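The values are calculated or read from the model by the stated rules, or taken from the named source; none is laboratory data. Please read these numbers as outputs of a predicted model, since none were measured by experiment. With ideal geometry, Cβ positions are generated from the backbone for all residues, glycine too; neighbour counts draw on all protein chains shown. We work out accessible area using only protein heavy atoms, side chains counted, and drop any ligands, DNA or RNA first. Shrake-Rupley method; radii C 1.70, N 1.55, O 1.52, S 1.80 Å.
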Amino acid sequence: RHYPLARGGGATMDFDIVLSFGPICRTKYQLLRTFGKDECPSSVFDWQRTPMSAIRFYLENDFRGTFEREDLEVSGRSVVNRKLRTSHLHAFPQHVANDEIDRYYSRARSRHDHLCDKTRAVLRGDGRVLICVGTHLQPYRWLRLNLAIRRYAPKLCFRLLNGPADDYPDEMWEGDDALWDRHLARFGKKAEAAPPSVSREAAFTAGEPT
């Protein structure tokens, strides 16, 4: 299934995959709500907090060295990677302690590696991809990320879509549905997409790796 991908000057291209590039869960939630699960394959950036510098690290290192046990520690409510400053709230049980990370690490690492493989496969595939970030990046930060994707996947046909300006604060994790509706409307909202209201639990179920 293909959807029109707007370009400058009125020209269009089609895309067949929509991919979340974080940096927070909001992006995947809004993409699922708009396009549905079939066009939104799982990405390692779906349900973790990933700074732009960490996303570039993932790309520059072919997704390797991004979830090493020695880099993980508990900070607040989440397990974080102290090297990359990624936060993995959904990879470990709530209220896990530092001395309990080892108990859950193997499963969390397996899931993370699986999602890295799926993300890598999309970026190295031949599909036409709309890559979305959920926060509004300043032009130079958007350009740095766009160039990092291009270096990683020089043959990929993609567009990097910036996040909408004036969305809710990160603490309101779902974001402003009406704002996202307007932001994504130019790409053609599917009639059979997810219903207008998707619960947090349903969003996470839809985003589970397969």
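Within the range 20-49, residues that are touching a residue at least 12 places away in the same chain (Cβ under 8 Å) and at positive phi have Cβ atoms under 6 Å from residues that are buried (at least 23 other Cβ atoms within 10 Å of the Cβ) and of a type outside the set (A, V, I, L, M, F, W, C) in these pairs: G22/T50, counting only partners at least 6 apart in sequence or on another chain. Residues in the range 114-128 that are surrounded by fewer than 16 Cβ atoms within 10 Å (Cβ to Cβ) and within 16 Å of the chain's Cα centre (by Cα) were compared, and the one that is farthest from R56 (Cα to Cα) is H114.
Within the range 167-176, work out how many residues are open to solvent by 30 Å² or more (accessible area, probe 1.4 Å) and either closer than 17 Å to V18 by Cβ or in contact with a helix residue (DSSP H, G or I) (Cβ under 7 Å, 6 or more places away or on another chain) (or both).
3
Remark: pairs (first residue in the range 126-153, of a type in the set (K, R); second residue part of a loop (DSSP other than H, G, I, E, B); Cβ separation under 7 Å; 6+ apart in sequence or on different chains) = R128/D16.
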